[in-house]
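Have a look at the structure below before the remarks.
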């Protein structure tokens, strides 16, 4: 009477595996939340062509002066601060969903870039960084001779 | 048992996503909920929404029967001759509605957009403002 049910349970698989997976997921979630800055902010899009790469980021409501963009070989680092609205006497928040604080993102580009020719435009809360590919890194065309 | 059922029903009506008037865009674009901060000052309610990619021409604010709707339609990001090698975000329309109380003066709503952040100031109607009452000595 007991055994068939027991066998059934074994077939479902180890419940511990699911538990461990859940635990890992929770750890990942909470470790991110305890950091003093946002890990995945801002979200980036990367557009590539043969001669350059464009990185776009949605960073609404920051002072472009506070944005720090640095390039070293193939690594692009974006950092800045999003400040919270300062409340005056007698003002209260009903709802607060927008994030604030310091953020840093580092991105490894698909090729070496010419750091002197990097241009950045911040418009309508979207940052566009254009990074031209380094001259020595550009692909060379090889002609095939026929004899 | 009865109260639990009532509670469940209430919860459903609270979390039900269908607004008073359900609408659907004619364009086949994704619709995102912008993140919003709402704060109350002495004489107004201020609503601040993150809408990256939106400027004063691509945002609309409507007020109908105490429902305030914010809509933003940014231009789709596309660079000709480029491949999208990494995509962490997608560009789509923004839409979000809030129901206002009668205490808002609908005729005096003021809105501005800067750096992709929309700021709507909803002034409180006269009777809703806190008034100071002087106490006279008898």
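The set of residues in region B:103-115 that are within 14 Å of another protein chain (Cβ to nearest Cβ), surrounded by 14 or more Cβ atoms within 10 Å (Cβ to Cβ) and at pLDDT 90 or above comprises B:113, B:115.
Just checking, does region A:83-90 include any residue being part of a strand (DSSP E or B), more than 10 Å from every other protein chain (Cβ to nearest Cβ) and either out of contact with any helix residue (DSSP H, G or I) (no Cβ under 8 Å at 6 or more places or on another chain) or in contact (Cβ under 8 Å) with a residue 12 or more places away in the chain (or both)? Checked against the condition, which is being part of a strand (DSSP E or B), more than 10 Å from every other protein chain (Cβ to nearest Cβ) and either out of contact with any helix residue (DSSP H, G or I) (no Cβ under 8 Å at 6 or more places or on another chain) or in contact (Cβ under 8 Å) with a residue 12 or more places away in the chain (or both), region A:83-90 yields no hits at all. Filtered by the rule that a residue be at pLDDT 90 or above, facing chain A (nearest Cβ under 7 Å) and either part of a loop (DSSP other than H, G, I, E, B) or surrounded by 20 or more Cβ atoms within 10 Å (Cβ to Cβ) (or both), region B:37-47 gives a lone residue, B:37. Of the residues making up region B:57-102, those that are in a loop (DSSP other than H, G, I, E, B) and more than 10 Å from chain A (Cβ to nearest Cβ) are B:57, B:65, B:66, B:73, B:76, B:92, B:100, B:101, B:102.
Of all the numbered requirements in (1) surrounded by 17 or more Cβ atoms within 10 Å (Cβ to Cβ); (2) assigned to a loop (DSSP other than H, G, I, E, B); (3) without any contact (Cβ under 8 Å) to a residue 60 or more places away in the chain, residue B:34 misses one, and that requirement is (3).
There is at least one residue in region B:85-95 that is surrounded by fewer than 16 Cβ atoms within 10 Å (Cβ to Cβ) and touching a residue at least 60 places away in the same chain (Cβ under 8 Å).
The values are calculated or read from the model by the stated rules, or taken from the named source; none is laboratory data. Computed from a predicted model, the values in this text were never measured in an experiment. Virtual Cβ from ideal backbone geometry, glycine too; neighbours counted across all protein chains shown.
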